[in-house]
Structure formats: structure tokens, C-alpha cells
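Worksheet: the structure to be examined is printed underneath.
The values are calculated or read from the model by the stated rules, or taken from the named source; none is laboratory data. As the structure is a prediction and not an experimental result, all values here were calculated from the model. A quick note on method: Cβ atoms are made from the backbone with ideal geometry, for glycine too, and the neighbour counts reach across all protein chains shown.
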Amino acid sequence: MTFKVLYAGTPEIAVAPLNGLIEAGYEVVGVLTREDAPVGRKRRLTPSPVAARAEELGIPVVKANRWSEHIAEAVDALNADVAAVVAYGAILPQSALDLLSHGWINLHFSQLPKWRGAAPVQRALMAGETEIFSTTFQIEAGLDSGPVFLSESTLVAEEDTAGDILQRLADTGGLLLARTFELIAAGKPGTEQAGEPTHAPKLTIDDARLNFADTTAAILAKVRGVTPEPGAWCTFNGNRFKVGMLAPSSATAEGEPGTVRLVAKKPVVTCADGCLELTLVQPAGKKMMDAAAWARGLGQELAENKVVLA
């Protein structure tokens, strides 16, 4: 039995699993996505990346930020057997979950019940985890609490960011969903989650602020977890100062945490247990730039150890 699939997703990260399901031979009879949103400086209303891809593929699109009777009728008319959900971005009521004969299957980027919520990969990286999972599970009324079908994982390389990990898991997510549908078609139920849940709320700007009184490992983990969004930052001379990339350094710590100096022509910043090399930075009002070029422009202020990131 091959299901007719409703695909519910919104951001760019949800495009690859949609492609994967189609490549696996599943008929996607419709896409449910959030409404067009303002994008760019001109705030022009723009379809979501999933909507744009569906339109390219000729798949009917239903746009909704919240469930309603009207949306229920539109979804019901698609005659889908099951829904695949990848970062749709809206809560589904029980009436929606009951609408499709085989329910709604979520591709979630963690090993449930760990990291339930909106930012699982980001929170896992910030916690220093070195293996990140994706899981398919049956959506029910609780937050990411339904029975699990399948999972897979990817190892974290030294320079991997949340964006890198999410894309890798998304690229294989369509096949994971396809394999899950095969299990459901064969009448095999999911497995109830076991263990103590942890939670992964959506990242805020405050979550991305760096504290150089932390250890180098904690700072690197935070930078990787908040890249590309919302992006790591601190302050310099009272202004927001974005940190695009840091690297381990063997330099000896000098000065208070946050002190920047040149070591072998490379800018390093003092942390609780050593130093980190600044490689990409974005001062207020400027574009992301090479940190060494930024440091050279500081002149005497840097030479006198007066450059402190806070």
C-alpha cells in the first residue's frame, strides 16, 4: 500500500524532506504551509520556501497559520491518507489529528524524548552533544510526546554548526519518512517514548549572547548552536558585536575575560580557561569581515589591551 501524503512544512529546512518523499515514489497530494510572510527590507509578502517548491512541482498548496474549519475542509478535499510534518510551525488540534486515517507523522531532529520543542539541534549542540539524531513519531496532543517509529543520527564534526547538522538530517529525512510510512502500512505501531524528557525552546537573542567568563568549550558550543540563527554576539564599546566564527587557540590567557590581543598576527580573546581565536566578526554597522582585518584597524587601543568584548 502506498499512501497519498499531505506534506506540512514551512522553512527552507523542510524542502529537502519533501523532495526526498517524492523521490521515494510517494504521491504528495497537497502541501500545508504557513501564510506568505514579509521578507527583506521592503517587507514584501513572500511564499514560504515549501510553498515555492510545491508550486514548482505543481502540488496544491493550502496556506494557514492556524487550524480552522475552512482549512479542515481544504485538507479533507485532498484525500490524503497520512501527513508528513517537518517544521510546519503551528499547533494542530485534535480535530486535525483525527482527520487523516493514518494520522500525522512528524520528522523531529532529536532522539526523543530528549530535546522536545522548537530548537532541538541548536540546544543539543549548545549542550556539547557529539551525535545528533532525527526521529519520526506519531503526533498526539502532547508536545513531541507520541510513539516513535524510526531514528537515525549524524556525528558532529569539529566545525559543524546547527545549520550544517539540520541540513544533513533534512537531506535524509524524506527517506526516513518513507520508511516510516512502510511500517505504518504494514500495521506496525510506534514505540512509546521512554526516559526523562528534556526541552528545547525556541532560541532568543539573549540565548545567543556570549560570556567570555565561560570555558572555551562552552563558548564554542554556543556559537555552533546559534549559527546561523539568531547568531552569536557580544558587545564592544557599548554596541552589539556579532561573532561569526571562533577557533581553538593555544595562546596563553592574559587580562580579564573578553580581552582581545594579537598573537602571531591573529586576534585572540581571553576566556575562563584559555583563549579562542576570532576568525569572523561583524562590528556594528558593518558587514561580516575577517577578524584579523578588524583587529588591525584598532591600532594602539589593541596594543594597550583596551579592547574588551563583553
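Numbers below:
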quantity	calculated
P47 vs. criteria under 23 Å from A118 (Cα atoms), touching a strand residue (DSSP E or B) at 6+ places or on another chain (Cβ under 7 Å), surrounded by 13 or more Cβ atoms within 10 Å (Cβ to Cβ) and not β-branched (V, I, T)	no
Number of the exception - P113 against (1) outside any helix (DSSP H, G or I); (2) under 30 Å from G255 (Cα atoms)	(2)
In the stretch 208-250, the residues that are under 15 Å from the mean Cα position of the chain (by Cα) and either more than 19 Å from T161 (Cα to Cα) or of a type outside the set (S, T, N, Q) (or both)	A208, A221, K222, V223, R224, G225, V226, P228, E229, P230, G231, A232
Output for the stretch 116-132, where each listed residue is assigned to a strand (DSSP E or B) and in contact (Cβ under 8 Å) with a residue 60 or more places away in the chain	R116
Residue that is within 18 Å of E159 (Cβ to Cβ) and part of a loop (DSSP other than H, G, I, E, B), where the choices are G231, G244	G231
Of the criteria (1) in contact (Cβ under 8 Å) with a residue 40 or more places away in the chain; (2) farther than 14 Å from F241 by Cβ, which one M288 fails	(2)
Residue that is nearest to S95 (Cα to Cα), among those in the stretch 55-70 that are touching a strand residue (DSSP E or B) at 6+ places or on another chain (Cβ under 7 Å) and touching a residue at least 24 places away in the same chain (Cβ under 8 Å)	A64
Identity of the residue in the stretch 25-40, surrounded by fewer than 16 Cβ atoms within 10 Å (Cβ to Cβ) and on the phi < 0 side of the Ramachandran plot, that ends up modelled with the lowest pLDDT	V39
Tabulated pairs, the stretch 42-54, first under 9 Å from V15 (Cα atoms), second outside any helix (DSSP H, G or I) and of a type in the set (G, A, S), C-beta under 6 angstrom, 6+ apart or interchain	V50/G9
Residue check, T180 crowded, with 20+ Cβ neighbours inside 10 Å and either in the same structural domain as A127 (by TED's automatic domain parsing) or in a loop (DSSP other than H, G, I, E, B) (or both)	yes
Filter result for F137 (of a type in the set (F, W, Y) and touching a Gly at 6+ places or on another chain (Cβ under 8 Å))	yes
Pick from the stretch 131-145, criterion of a type outside the set (D, E, K, R) and at pLDDT below 95, ranking: surrounded by the most Cβ atoms within 10 Å (Cβ to Cβ)	S145
